[in-house]
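The values are calculated or read from the model by the stated rules, or taken from the named source; none is laboratory data. The model shown is predicted, which means the values in this text are computed figures rather than measured ones. Methodologically, a virtual Cβ is constructed for each residue, glycine included, from the backbone with ideal geometry; neighbour enumeration extends over all protein chains shown. Please note that ligands, DNA and RNA were not included when accessible areas were found on the heavy atoms of the full protein model with its side chains. Shrake-Rupley method; radii C 1.70, N 1.55, O 1.52, S 1.80 Å.
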Amino acid sequence: MPLRIRNCPHFVRENLLTFMTVVGVVSGAVLGWGLRSSGYEWSRRDVMYFQYPGELFLRMLKCLIVPLLVSSIVSAIGSLDLSLSGKVGLRAIIYYMTTTICAVMLGIALVTTIKPGNESKAYQQPNATKLVTKDTLTSDTLLDLLRNVFPENIAQATIASYRTKLVYDQNDTKSIKGQLETYKIEGDYQSGSNVLGLVFFSIVLGITLGKMGEQSRPLQDFFHSMSEAMMIITGWVIWLSPLGVFFLVTAKIMEIDSFGDLVGRLGLYFMTVLLGLFLHGFGTLSILFILATKKLPCRYIAKMGQVMATAFGTASSSATMPITIGCCDDMGLDPRITRFVIPIGATINMDGTALYEAVAAIFIAQLRKVEMSFGKIIAVSVTATAASIGAAGIPQAGLVTMVMVLDTVNLPAEDVSIILAVDWLLDRFRTTINVVCDALGAIIVASLSQGDIEKTRAVQNDRDTANSHELTELEKGDH
Ligand code: ASP
């Protein structure tokens, strides 16, 4: 029997779960498509029943996010030497910033060259869905980002995040230089974890434990075993991913309004974002990977099938995070690096989202015939970067932070409804790039930090040997 055929079942067995998850995505798409075209009109309730098993899978993954995120970051930073965690952190931040800026620049280059907005047929306002209560300014969103980094109550941060709201009250106005200020600025908490705050708190706690040394051992052991326990649960939940993504994808395809928009009015915009994501994932990231590690990324990307299929199926980088960590563990990366880089990456490093925010804002500006000066393009790149950092790792979060980018080109928040029809699908592609970028980042940072890790290990070994010598001498003295 030729070697290739004999190896085939082995390959399938080795990659059974990945294979099944990919089959789940594809067959979900086929079934969803089939059900749509069956002529039967599916009610929202029907769709909800179809989605139900997928929803349960998503809930299981989401339930792991907070304990895994906190325990991983604390135990990883706490167990690294302080100077080493500084170096690892710096490398990770440089990687996140470089890739995000490259993604935004690529998006802007593509959208200004292809000009999907100019090519599109005359734009008619769809039955606009009011997504966001407009009013808050870009400055409010940016200030909220920083407010969330410093949560006032860490327990509350696990369930809610802060958001500024403007409250209009005609009876309570203030006249400023002849102009009437009709609103008050108030703060509000909205449900959903404040992941940014949890990440920051965990980093500080990890550094503190590292500084405390032996005294912090019980707490370090606690976080370490918590993180291990979460990974074991992930190992169980992961077996449900083929079924989970199957139902999620089927229900999503059943529920969407129109495929016409995909190939019609929004087709060129859709293709521009997709091309950008593809070039970023397989071009920019691959080049950076080769430069940093002197290795080809294909072998590693091939091992990320499970991660990519789950990201596509769930459209959430936070929900995929446990699986991304597991995948990096399987690749044999140092767990201290993985547990440091992945949770932070899943929270703030979203290249796909940044690229899409830039393309979408300029696309809408083109449709609206808004002149894009160089200054405005720079403003779009800065706000798209900030919007991607601020976006939560949940489905279509980018659509919400997009308001901030639209504001820089003086477009109303309601204009996000223009791209709504195709956003569900683009979201899945950009989430896939977001998680691939995190995983490649972990490999790059691990490879760049290899020398430092070995050096610290050698110093630690010397210290241990010296300590045990001292102990033996003392014992001899006692006798
Ligand atoms: N769904 C994306 C993620 O979780 C965020 C977004 O772009 O909407 O990474």
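Listed values, structure above:
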| item | result |
| --- | --- |
| Projected label distance in nm at Asp172 and Leu296, using a 7 Å step from Cα toward the beta-carbon | 6.6 nm |
| Approximate shape of the chain as ellipsoid semi-axes (Cα gyration tensor, √5λ), whole Å, largest first | 40, 30, 22 |
| Simple spin-label estimate for Val26 and Leu219 in nanometres, 7 Å along Cα-Cβ | 5.0 nm |
| Nonlocal amide H pairs with Lys165, under 5 Å, H built at 1.01 Å | Glu186, Gly187, Asp188 |
| Exposure of Val22 as accessible area (Å², to 10), given a probe of 1.4 Å and all protein chains | 70 Å² |
| Greater than 31 Å apart at Cα, pairs in Lys115/Lys294; Lys87/Lys295; Lys184/Lys252; Lys252/Lys303; Lys115/Lys184 | Lys115/Lys294; Lys184/Lys252; Lys115/Lys184 |
| Solvent exposure ordering (accessible area, 1.4 Å, most first) of Lys165, Lys294 | Lys294, Lys165 |
| The range 299-407: Rg to Rh, with Rh as the Kirkwood radius over Cα pairs | 1.08 |
| The chain, relative contact order [Cα under 8 Å, separation at least 6], % | 28 percent |
| Loop-resident sites, the range 142-234, for GluC sites (Glu not before Pro), counting at most 14 other Cβ within 10 Å (DSSP) | Glu152 |
| Share of carbon and sulfur in the accessible heavy-atom surface of the chain [1.4 Å probe, %] | 63 percent |
| From phi via Karplus (6.51, -1.76, 1.60), per-residue ³J(HN,Hα) for the range 440-450 in Hz, x at Gly/Pro | 5, x, 4, 5, 4, 5, 5, 5, 5, 9, 3 |
| The range 285-299 - phi-based ³J(HN,Hα) in whole Hz, Karplus 6.51/-1.76/1.60, Gly and Pro as x | 5, 5, 4, 4, 4, 5, 4, 7, 10, 6, 10, 7, x, 3, 4 |
| Per residue accessible area of the chain, 1.4 Å probe, in Å² | 50 Å² |
| Neighbour-limited loop hits for GluC sites (Glu not before Pro), the range 358-458 (at most 15 other Cβ within 10 Å; DSSP other than H, G, I, E, B) | Glu371 |
| Overall dimensions of the range 190-243 as given by Cα atoms, namely Rg and Dmax in Å | 15.1, 46 |
| The range 321-396: trypsin sites (Lys or Arg not before Pro) falling in loop per DSSP and having at most 11 other Cβ within 10 Å | Lys369 |
